[in-house]
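Below is one structure; the comments refer to it alone.
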Amino acid sequence: MKISLKFKTIIAALFITLGLASCSKIDGDQTPIQISGLSLIHASPTIEKLDVYVDNTRANVEDFAFGAKIDYLNAYSGDRNLTVTKKGLTTKLTSKLLKLESGLGYSVFVVDKFETVDLLMLQDNLAKPAAGKAKIRFVNLSPDAGALNLEVVGKTPDLIDNKAFKEYSEFVAIDPAEKVSFNIKNKTSGAVETTLVDIKIEDGKIYTLYAKGLKATADATKFGAAIFTHK
């Protein structure tokens, strides 16, 4: 379902390529510019900083490191080429043609290990949650964690079940509360792999929670979880 979105205004440096959420005219054409929302998340477990280009324009202004997120940018709808490079270099690590529909929002995750870095684009269901509810989606972006479940601590059954690497759930309803804790559990053994503690879940908000990192490491790329609000 297409909905009206209020995407963030792009800074001047990105104006020409990514577009502006307005009804500007081009060469006298009265048709409004068609835009889509594009959010970028660095979920590749590497200490390398990256640059991300939409067509030929760099989308990140600051360092784009593991765990970083760029809130919705306004991108021209249609076919857009997204390219990832190592910071300051031009050699492509990966590149993908994205098909963006007008008025829709998308989250694009940079995923997998540095040697096999990839892009995962998810369409965001930004329809308002039901009255008195929030919405949340779970994405498994850990290359070596196996299939995972998402549990709201103190509630059964698990909120989301059996998501392998690069798999994700639909958005599901969740009760808002000042403090909600989440367990990410191994699907096979039921063991708790990591926990997010005392997360504020607000009425009417939309969230994505994702597993990230590597179980095989103990550095900054170690296994964990992150959550963000779609805004």
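The values are calculated or read from the model by the stated rules, or taken from the named source; none is laboratory data. What you see is a predicted model, and the numbers here were worked out from it, not measured in a lab. Reconstructed Cβ throughout: ideal geometry from the backbone, glycine too, with neighbour counts over all protein chains shown.
Values as computed for the structure displayed
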| read-out | value |
| --- | --- |
| Output for segment 196-223, where each listed residue is at positive phi and touching a Ser or Thr at 6+ places or on another chain (Cβ under 7 Å) | ASP198, GLY213 |
| Given (1) within 21 Å of the chain's Cα centre (by Cα); (2) surrounded by 15 or more Cβ atoms within 10 Å (Cβ to Cβ); (3) not small (Gly, Ala, Ser), index of the condition LYS187 fails | (1) |
| Residues of segment 63-87 satisfying the condition of being acidic (Asp, Glu) and under 17 Å from LEU119 (Cβ atoms) | ASP79 |
| Residue count for segment 94-108, restricted to those that are touching an Asp or Glu at 6+ places or on another chain (Cβ under 9 Å) and either at pLDDT below 95 or not β-branched (Val, Ile, Thr) (or both) | 9 |
| Sole exception among (1) within 12 Å of LYS49 (Cα to Cα); (2) assigned to a strand (DSSP E or B); (3) not charged (D, E, K, R) for GLY88, by number | (2) |
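Okay, residues lined up against (1) surrounded by 19 or more Cβ atoms within 10 Å (Cβ to Cβ); (2) touching a residue at least 40 places away in the same chain (Cβ under 8 Å); (3) touching a helix residue (DSSP H, G or I) at 6+ places or on another chain (Cβ under 7 Å):
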| site | (1), (2), (3) |
| --- | --- |
| THR57 | no, yes, yes |
| SER77 | no, yes, no |
| LYS86 | no, no, no |
| GLU101 | no, yes, no |
| GLY132 | no, yes, no |
